[in-house]
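Below: the structure, in structure tokens.
The values are calculated or read from the model by the stated rules, or taken from the named source; none is laboratory data. Fair warning: this is a prediction, and the values are worked out from it, not measured in the lab. So basically every Cβ, Gly included, is an ideal-geometry build from the backbone, and we count neighbours across all protein chains shown. For the accessible areas, the whole protein counts, side chains as well, though only heavy atoms, and no ligand, DNA or RNA atoms are used. Shrake-Rupley method; radii C 1.70, N 1.55, O 1.52, S 1.80 Å.
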Amino acid sequence: MKKYILIGLFILFATFSNVAKAQIFLGEAFVGYNICQVDGDQIMGFFKPGINVGVGVIAPVWRIRNFSLELSMEVLYNQKGAKQGRKFFDHAIDPVTGIEITGEYNVNMSYGEVPFMIYFTDKRLASAGVGVSYARLMGLTEYEHGVRTGVTATSGEYDQNEFNILADVKLRVYKRWKLGFRYSYSLNPIRKREYFNLAGESLGIFKQYNNLFTFRLTYVFNEKLEDLQREEYRYTGDNPKYHNKALERQRRKLERQREREERRKKE
């Protein structure tokens, strides 16, 4: 099912890209900070940090007044994982491994990820979007009780292919700079693992999923800043409403300049 969703999104993106050939394609670059956890790993809390960096392209496909619909594709380097500090301080030793049981856990996962997003943008100032992504596991290190395990990206414990669902909000903060917030969750399990209690009794087999929030700073290339003006403040030359507003704004500006000059003369 997930495979068909991704294929369908590819087709949708290609279709709208043909429609948008006459439009301006915008480039963008991202740098962000992840806070992550892995659901199903018996650890609670978003304690694992990571980075989110990459580039993307935006294709405007439809616009009416101040509202527009845009498609985007990104290429990201995305760090995910989970982390837990020491929980046990009685210095108990695991009789099988000979390792001190501390409860510490740390897994670092590095993904190459390609998100496909649909954005709804209001006045080119705020955007909200949803989408899906395909991610490929490129690197992995895992530590249990402070000791590195033999689990790697290619050792077979983790699924190297990951599909995600995404939700995203972006706000323009200054000219071409935007501040964004993104939520991401795995659609397919990244791992299935059996857990045991301290007595060696099985707690069951659990499916694990990446769960993360991302805060990102985005810079948009080749965007026309004049497009950010509100439509009612533009003078088109053929609309008296816009013309009158422009004249009134200019009159107030000249009036303020005259008042400043009079105050300087009095001083």
Q.
Looking only at residues that are farther than 20 Å from residue 33 by Cβ and modelled with pLDDT of 95 or more in segment 169-191, which one is surrounded by the most Cβ atoms within 10 Å (Cβ to Cβ)?
A. 190
Q) Do we have any residue at all in segment 149-156 that's open to solvent by less than 40 Å² (accessible area, probe 1.4 Å) and assigned to a strand (DSSP E or B)? A) no
(Q) For segment 90-117, give me the residue count where each residue is among the hydrophobic types (A, V, I, L, M, F, W, C) and touching a Ser or Thr at 6+ places or on another chain (Cβ under 8 Å). (A) 4
Q) Listed residues 136, 124, 182; which is farther than 21 Å from residue 76 by Cβ and either assigned to a loop (DSSP other than H, G, I, E, B) or among the basic types (Lys, Arg) (or both)? A) 124
Q.
Here are the criteria: (1) at pLDDT 95 or above; (2) surrounded by fewer than 17 Cβ atoms within 10 Å (Cβ to Cβ); (3) within 21 Å of residue 54 (Cα to Cα); (4) of a type outside the set (Gly, Ala, Ser). Tell me which single one residue 164 does not satisfy.
A. (2)
Q. Looking only at segment 99-125, which residues are hydrophobic (A, V, I, L, M, F, W, C) and open to solvent by 40 Å² or more (accessible area, probe 1.4 Å)?
A. 99, 114, 118, 120, 125
Q | Near pairs, Cβ below 6 angstrom, 6+ apart or cross-chain, from segment 121-149 (without any contact (Cβ under 8 Å) to a residue 40 or more places away in the chain and polar (S, T, N, Q)) to any residue that is surrounded by 15 or more Cβ atoms within 10 Å (Cβ to Cβ) and part of a strand (DSSP E or B) | A | 141/108; 149/142
Q.
Looking for something out of contact with any strand residue (DSSP E or B) (no Cβ under 7 Å at 6 or more places or on another chain), modelled with pLDDT under 95 and open to solvent by 40 Å² or more (accessible area, probe 1.4 Å) - is there at least one such residue anywhere in segment 31-46?
A. yes
**Q.** Residue count, segment 78-118 (criterion: of a type in the set (Lys, Arg) and outside any strand (DSSP E or B))
**A.** 2
Q | Filtered residue count, segment 49-84, keeping only those that are open to solvent by 30 Å² or more (accessible area, probe 1.4 Å) and among the charged types (D, E, K, R) | A | 3
Q: Return yes or no: is residue 96 among the β-branched types (Val, Ile, Thr), open to solvent by 10 Å² or more (accessible area, probe 1.4 Å) and modelled with pLDDT under 90?
A: yes
Q: With the checklist (1) open to solvent by less than 40 Å² (accessible area, probe 1.4 Å); (2) assigned to a strand (DSSP E or B); (3) not basic (Lys, Arg) in hand, flag the one item residue 217 doesn't pass.
A: (1)
Q. Using beta carbons and a limit of 6 Å, which pairs, at least six apart or on different chains, have the first residue in segment 36-65 and closer than 26 Å to residue 109 by Cβ and outside any loop (DSSP other than H, G, I, E, B) and the second one of a type in the set (Phe, Trp, Tyr) and open to solvent by less than 20 Å² (accessible area, probe 1.4 Å)?
A. 54/30
Q. How about segment 157-173: which of its residues are over 15 Å from residue 30 (Cα atoms), without any contact (Cβ under 8 Å) to a residue 60 or more places away in the chain and in a strand (DSSP E or B)?
A. 158, 161, 162, 164, 165, 166, 167
